[in-house]
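The values are calculated or read from the model by the stated rules, or taken from the named source; none is laboratory data. Model, not experiment: these values are computed from the prediction. With ideal geometry, Cβ positions are generated from the backbone for all residues, glycine too; neighbour counts draw on all protein chains shown. Ligands, DNA and RNA are stripped out before the accessible areas are found, and what is left, the full protein with its side chains, is counted by its heavy atoms. Shrake-Rupley method; radii C 1.70, N 1.55, O 1.52, S 1.80 Å.
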Amino acid sequence: MMDTQARAGAHARPGPLKLFLLEFTKLRLTVWLLIVMAVTMVVGSVFPQGYDAAMYVESWGEARHAALARWGLLNLFHTKYFLILGALLFVNLLACSVVRWLGRGGAGLGHAEPPSHAKPVRLPACADPAGRAAGVLAGRGYKILSSSGGVVVARRGPWPEGVSLLYHLALALALVGFILSALFAFEGDVTLAPGEHAAVATVSDETGAHRLATRLAAWRVGSWRPFASLPGDTTAWAGREVTLTLNEFITEWELYREKYYSRDWLSDLSAVGEDGESRRALVEVNRPLRISGLTFYQMAYEQWFDVVVTRNGVEVERVAGQAHTPFALESAAGMFFPGTLRVGTLFEKYHDPVPITPHVPLKWRAPDAEKGTKSEEIGNLSVAEPLVRDGVALAIENPREATVLSYRHDPGVPLLYIAIIAFMAGLAIRTYWPSYRVSLWVTPGEDGAPEGRLLFRAAGILGEPEDIEAELVRGLEAPG
Amino acid sequence: MDPQALVNRDALILNVEHGFLWASFAAYCLAVLFYSLHLIAPGVRGFRVRSTVALVGAAVFQTMTVVLRAVLAGRPPFQTLYESLAWFSWSAVVAYLVIEWRRHVRLPGFFVSLVCGGAVLYALLGQSPEVKPLFPALQSPWFFWHVAIAFASYAVFVVAFAVEISYLKQLLWWKIGWTRDYGLTRENIGRFHRSVHQLVLFGFPMLTFGIMSGAAWANEAWGVYWQWDPKETWSLITWFVFALYLHTRVRPSWRGAPSSVIMIIAFLCMVTTFLGVTWLAKLFGIPSLHTYG
């Protein structure tokens with residue numbers, strides 16, 4: 001009884017930490033945070049996010065762009081408003097985790113007084129009704145967590161607060177991963193033609209942390225600059241780099257219904273890490289190269305060729321061409337629009353692969369065409385067969401390609417993967433492994449017979465809680 | 001075998017597969033008809049049985065579609081919108097038939113047949129059945145797991161939505177004094193409604209896996225796990241709203257109308273993630289890596 005009173009007193013006077021926890025673990029706060037974040041994301045999905053101002057001005061005009069930018073609607077997910085929402089969610093998750101760790105997740109379970117919705121149970125008269133009830137529960141596979149002061153608390157299945165703790169903590173860990181990415185990740189790209197080399201630094205001052213340190217270094221209180229030594233000496237980073245050599249760039253196409261589809265593009269690379277480790281790897285989309293903390297991804301390619309114009313077999317003009325870059329000729333009117341250079345190997349279902357005769361699909365637009373007029377397809381510029389236009393023959397020579405690799409250093413990613421695995425494990429246990437928790441309050445009734453109030457909680461989708469609760473009540477009420 | 005003969009064989013398989021999809025659409029139409037008759041006359045056993053038979057028929061035809069498509073393409077059949085719509089409706093109808101078999105309540109079948117039939121019709125009339133080559137970004141083991149499990153969650157949510165609507169409809173009918181119960185009584189309707197929560201609980205980890213595997217795949221392919229692309233953003237919105245629904249189920253006072261409303265909003269968010277993003281991207285000129293061509 002003393003214990004009960006002490007606990008009741010503790011509930012009446014929460015300390016500052018508990019008050020903080022109580023505020024941040026309120027379900028109402030979680031619900032509002034989820035609503036506000038979801039609505040914010042809906043708004044963010046309507047406006048293209050994070051593009052250059054020029055693109056917005058071209059699409060919408062200066063005034064509309066200025067208005068939207070002023071409200072932060074064009075980079076909504078990086079505004080202070082959204083970051084604050086994320087921070088609140090983080091605190092909410094963390095507070096929920098702490099409360100679960102302290103074992104206070106199941107409101108009403110094991111409290112001194114039963115909640116109003118606890119179910120009345122007619123317990124048979126005996127010397128120790130609470131002890132008997134504990135025996136009934138133990139006989140059904142429940143673990144008795146406590147049995148004192150007339151309150152029996154028992155559990156069957158995984159510890160629900162523990163599981164809930166796991167996935168709430170995992171979400172909090174994922175947010176830490178995002179912060180690490182925001183502070184320390186950097187990225188870039190490198191273009192390499194076959195036989196070319198490039199050195200890529202494994203450290204960079206293009207990180208959020210470096211920018212933050214630079215801003216802190218400039219901060220002063222009077223003449224005092226507490227962070228003047230930041231961001232430190234970056235000259236020591238010299239020589240910390242990965243050296244790449246492109247041995248070969250391989251492009252593959254697939255022919256389907258007379259149309260070319262990209263099948264694959266691969267970069268055959270030799271890489272030397274900052275510790276001298278030497279590797280050779282075939283990099284393609286979905287197969288990056290990881291070395292010295294950097295990851296290299298197959299991102300794109302660039303293509304060039306010479307456009308050669310001949311009249312009666314005599315070369316009259318030669319211009320440098322590039323895929324998807326329009327060009328004009330002195331010897332033929334209008335503007336020419338080359339597409340993607342088709343080169344490499346051609347695959348076709350039920351046929352053997354064959355080498356492609358390099359060619360570029362070409363479109364043309366008349367010099368006096370109005371703006372917005374679509375260009376017309378006029379054929380292929382090829383190394384083999386000239387395309388005749390305005391009495392001249394057009395062909396290409398010297399087709400060549402270069403690979404475009406993007407690279408990224410992101411220390412937040414491993415943490416995110418750990419968080420993902422922990423979160424999925426928590427959710428899977430919570431969902432597919434049923435867990436039951438019981439609190440039974442036993443008090444003497446007016447007629448001397450014991451009275452019970454049962455609070456039954458079930459988690460997980462397997463099993464029928466009503467059936468299990470009913471069976472348990474039958475067991476508790478059974479005489480003998 | 002002569003390559004031309006093989007190409008002709010492929011064309012034949014494609015025609016047969018397309019024919020099966022039309023057959024499944026016809027079966028969905030029959031299912032809608034018999035479920036409607038069941039709504040009007042719930043006591044007639046013939047309508048109950050025929051509605052389920054029609055839906056099983058639709059599932060069988062769609063299974064043939066999915067299998068033939070996978071054989072023809074030599075990959076999982078969910079690259080184009082035509083394939084995704086067929087896969088989506090197949091997953092939803094299979095999920096529903098499991099629930100109907102477990103719960104012995106046919107009321108949600110009407111809504112499931114409508115949704116699936118609509119998806120199949122959209123695929124048949126609005127999309128090309130061509131089996132296009134898989135472009136490089138999709139050539140990954142993640143392609144199967146990410147898409148298959150995300151669609152499995154969609155299927156479960158379609159059934160959850162149908163159960164929720166059936167529940168609300170039943171309450172409304174009781175309120176206005178109609179006595180038709182379709183196997184639902186005031187005693188068992190609470191348990192029936194709880195299956196919405198159970199279905200969402202079942203689908204939520206799958207949706208979570210869908211989002212997280214998508215992020216892991218994007219990181220492997222492009223080196224960026226999250227870009228706030230409209231599809232990514234809407235999948236997260238859907239996740240948030242379903243999380244909201246699950247949280248409203250914790251408090252008894254929110255388990256009625258508030259959780260039902262949130263469930264319906266969550267379903268609409270899911271439809272937007274699946275189909276609406278392409279429309280949204282076109283309407284607002286937003287570039288997206290995930291829109292169907």
Among the residues of the stretch A:306-317, what is the count of those that are of a type in the set (D, E, K, R) and crowded, with 16+ Cβ neighbours inside 10 Å? 0
Provide a single number: the residues in the stretch B:91-105 that are in contact (Cβ under 8 Å) with a residue 40 or more places away in the chain, open to solvent by 30 Å² or more (accessible area, probe 1.4 Å) and farther than 15 Å from B:Val196 by Cβ. 3
Extreme residue, farthest from the other protein chains (Cβ to nearest Cβ), among residues of the stretch A:254-296 that are over 31 Å from the mean Cα position of the chain (by Cα) and part of a strand (DSSP E or B): A:Ser278
So, first residue outside any strand (DSSP E or B) in the stretch A:235-250, second residue open to solvent by 70 Å² or more (accessible area, probe 1.4 Å) and not polar (S, T, N, Q), Cβ within less than 7 Å, six or more apart or across chains; the pairs are A:Arg240/A:Glu274
Considering each residue of the stretch B:218-251, count those that are farther than 15 Å from A:Ile35 by Cα, in a helix (DSSP H, G or I), of a type outside the set (A, V, I, L, M, F, W, C) and within 7 Å of chain A (Cβ to nearest Cβ), and give that number. 3
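Identify all residues within the stretch A:48-80 that are farther than 30 Å from B:Pro258 by Cβ, over 19 Å from the mean Cα position of the chain (by Cα) and not in a helix (DSSP H, G or I); write none if there are none.
Within the stretch A:48-80, A:Tyr51, A:Asp52, A:Gly61, A:Trp71, A:Gly72, A:Leu74 meet the criteria.
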With the requirement that a residue be touching a residue at least 24 places away in the same chain (Cβ under 8 Å), open to solvent by less than 70 Å² (accessible area, probe 1.4 Å) and of a type outside the set (A, V, I, L, M, F, W, C), what does the stretch A:318-352 give you? A:Gly321, A:Ser331, A:Gly334, A:Pro338, A:Gly339, A:Thr340, A:Arg342, A:Gly344, A:Thr345
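Consider B:Thr80 carefully, then state whether it is within 14 Å of chain A (Cβ to nearest Cβ) and either open to solvent by less than 40 Å² (accessible area, probe 1.4 Å) or within 17 Å of the chain's Cα centre (by Cα) (or both).
Taking the combined requirement at face value, the residue satisfies it.
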Take the stretch A:349-380 and flag every residue that is modelled with pLDDT under 95 and within 14 Å of chain B (Cβ to nearest Cβ). A:Lys349, A:Tyr350, A:His351, A:Asp352
Take the conditions under 22 Å from B:Met212 (Cα atoms) and out of contact with any Ser or Thr (no Cβ under 6 Å at 6 or more places or on another chain) and apply them to B:Phe110. Does it pass? no
Residue by residue through the stretch A:399-436, note down the ones that are assigned to a strand (DSSP E or B), open to solvent by less than 30 Å² (accessible area, probe 1.4 Å) and in contact with a helix residue (DSSP H, G or I) (Cβ under 8 Å, 6 or more places away or on another chain). A:Ser406, A:Ser435, A:Tyr436
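Rundown of residues vs (1) crowded, with 16+ Cβ neighbours inside 10 Å; (2) at pLDDT 95 or above; (3) of a type outside the set (A, V, I, L, M, F, W, C), yes/no style:
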position	(1), (2), (3)
B:Trp22	no, yes, no
B:Ala31	yes, yes, no
B:Arg45	no, no, yes
B:Ser51	yes, no, yes
B:Met64	yes, yes, no
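Mind telling me which of the residues A:Ser223, A:Ser148, A:Ser229, A:Ser164 ends up being within 30 Å of A:Ser435 (Cα to Cα), surrounded by fewer than 19 Cβ atoms within 10 Å (Cβ to Cβ) and among the hydroxyl-bearing types (Ser, Thr, Tyr)?
Answer to the check: A:Ser148.
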Options B:Val7, B:Val71; residue that is within 14 Å of another protein chain (Cβ to nearest Cβ), assigned to a helix (DSSP H, G or I), in contact (Cβ under 8 Å) with a residue 40 or more places away in the chain and open to solvent by 40 Å² or more (accessible area, probe 1.4 Å): B:Val71
Residues within the stretch A:278-305 that are open to solvent by 30 Å² or more (accessible area, probe 1.4 Å) and touching a residue at least 60 places away in the same chain (Cβ under 8 Å), tallied: 7
